[in-house]
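What follows is one structure encoded as structure tokens, with my remarks underneath.
Each reported figure results from applying straightforward, stated rules to the coordinates on display, with no laboratory input. This is a predicted model, so every value here is computed, not measured. Counting neighbours? That spans all protein chains shown, and the Cβs are built from the backbone with ideal geometry, glycine included.
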């Protein structure tokens, strides 16, 4: 029978069967293999489509439908463990409106069921939703006898030997509380973020497999068949629910008392948990945690709002597989899975060629992402990212999207290896790779691919700070032939701007005034704006304070440059190359004729800075959660000094994503400690 000859019901029956197969396969990949190949949004779309078909045609509901049971399956290699009661998941809301709608449904259902305790319906406990691996631990007469994964919610995997290696899981309960003859408790095993980053870095150096996120690392660690391997992994756990209580006494009547009991019995319980009255207070507390997300020691993907009265929650029952009395308030996603359609190339202001991922558009953290950084071609090769791959996309510091790696299990064989370019795609000049650097460069200083970025950098807030001159207007000026370098900005007239689309009298005059005002910026800012390779804000300040003018800097000798604190051999060499170009001399003369020739007096007799970083020198490399200039200013505000080159005087090298190979290598040679951003903040107290 062809598709066109099928009845609507027959076609839907066929579609439902296909959805069941797909969803069950994705459940297996997520819960058993810990290697999903689709995003949460894609999974939800499949699941909701199946639910809709079954709601319209209940006779199509099959015993193997994922809508009829908690999803998942038991991994091979471990004994099966049947849970004393189902280990259920939760319904979720993505915003405050969804939480309010849940609470309103709760109140309506309670009224229909004859439950009139409005106070209990407005008393909540809010807890963090740890992004880890669910575990159920069982104690007989206070001694740990069994630990299991969630599995399919009914049957899990026996991982007792592995869980016993987690130091935060008590082997025997404290006698501070009266415990029943048999107690089963639910919690979440996780790997702390700082340990995850350290172990991933060590695995990368050893050429071993790395993990995309702490959850996958924790899951892989707990599914080691050799407990000795698990013991080497710095896992931890937090607990939050009683699954079984049998024997003397009775289980706590409220969720808050449950947490207090667990804590007293020796279980780790999150300090973020709060008892709150009123749904608005619960929502406000959830919202307050979002800005703290980056500073937490573990990954969370939301908060859980629970009715405090456990008897009431039990009487309210379930909606499908979700208990009515609790809800997950999901935070914006920090990673997503999509398809890498192609790779573009950008030319930076220094000539560095940067690969840019061209993605199938995907929602991440509330925005649609279609482009993301791939760092550099060496990083692409190390991670084996290919065109056509399903890739994991993250946002560095919840701002800059980047490709973390491929989902290798999803490959079809049609993917293509990404080759670095041999010539500049904008001017055709053969590219260069400089010794000790991972980047490849277009050596042509007049490459047209650089101009828009060079001007955008020059006018940016950290440089000449010309307000109103954004990338769109820069592109208009270049396309109209009004600027061929940054000095041409100072020759613009109001009449020229009025010929461009979107410019009226007031806007044109405002931009001309902003350009004129930038002539008063410091030499330090001008040096930043000129985009000399390796010269950031720290080196620019040191150079400006030492030489005082552009003319003096152009005549500086290489050996003199290297004597300046914060200017090492690499920066000195780069300045020498920049100063030796005829194009540089012409540009400086052009700026001086336009009235851009700032002078800067050296800073003398500065009082020694005080603070937790006093007397310490830092070097920053790689992408951090904030721009490098902001991080440097923060370090200096706490008494530290920031330089651009690693030396024996360097106290710490702060390493972000895609760090410079030169600085990392130099730090290793000199035994300078390398730390991440989290460790830096801990040092600051």
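Here is how the numbers come out for the structure above:
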| item | result |
| --- | --- |
| FRET efficiency for residue 120 and residue 94, using Cβ-Cβ distance with R0 set to 22 Å, rounded to 0.05 | 0.25 |
| Where labels lie 7 Å past Cα in the beta-carbon direction, separation of residue 11 and residue 378 in nm | 5.6 |
| Cα-based helix-to-principal-axis angle, 40-56 vs the chain, degrees rounded to 10 | 40 |
| Relative contact order of the chain, defined on C-alpha pairs under 8 angstrom at six or more residues apart (%) | 9 |
| Beta bridges per DSSP with both ends in region 617-683, % antiparallel, nearest 5 | 10 |
| Cβ crowding within 10 Å averaged over residues, with 236-248, 577-589, 519-531 ranked highest first | 519-531, 236-248, 577-589 |
| Value of relative contact order over region 448-593, rounded to a whole percent, pairs C-alpha under 8 Å and six or more apart | 22 |
| Residues 195, 389, 384, sorted so that the one with the fewest Cβ neighbours within 10 Å comes first | 384, 195, 389 |
| Helical contribution to [θ] at 222 nm, DSSP H n ≥ 4, -39,500 (n - 2.57), averaged over the chain, rounded to 500 | -10500 deg cm²/dmol |
| Cα gyration tensor shape of region 92-330, rounded if a/c is under 1.5, else prolate or oblate by comparing a/b with b/c | oblate |
| Nearest 10 degrees, 0 to 90: helix 661-670 Cα axis against the chain principal axis | 90 |
| Gyration tensor verdict on region 223-342 (Cα atoms; rounded if a/c is under 1.5, prolate if a/b is larger than b/c, oblate otherwise) | oblate |
| Residue order, fewest to most surrounding Cβ atoms within 10 angstrom, among 307, 225 | 225, 307 |
| Of all DSSP beta bridges in the chain, antiparallel share, percent nearest 5 | 85 |
| Cα gyration tensor, region 335-422 - rounded (a/c under 1.5), prolate or oblate | oblate |
| Relative contact order of region 617-683, pairs being alpha-carbon contacts under 8 Å that are 6 or more residues apart, as % | 38 |
| Pairwise FRET efficiency - residue 651 versus residue 145, Cβ, R0 = 45 Å, nearest 0.05 | 0.35 |
| Per-residue Cβ neighbour rank within 10 angstrom, fewest leading, 416, 534 | 416, 534 |
| FRET efficiency for residue 565 and residue 280, using Cβ-Cβ distance with R0 set to 41 Å, rounded to 0.05 | 0.15 |
| Segment residue 491-residue 586, length gained on full extension (0.36 nm per residue, minus Cα span) | 32.7 nm |
| Inter-site label distance for residue 434 and residue 101 at 7 Å from Cα along Cβ, in nm | 5.5 |
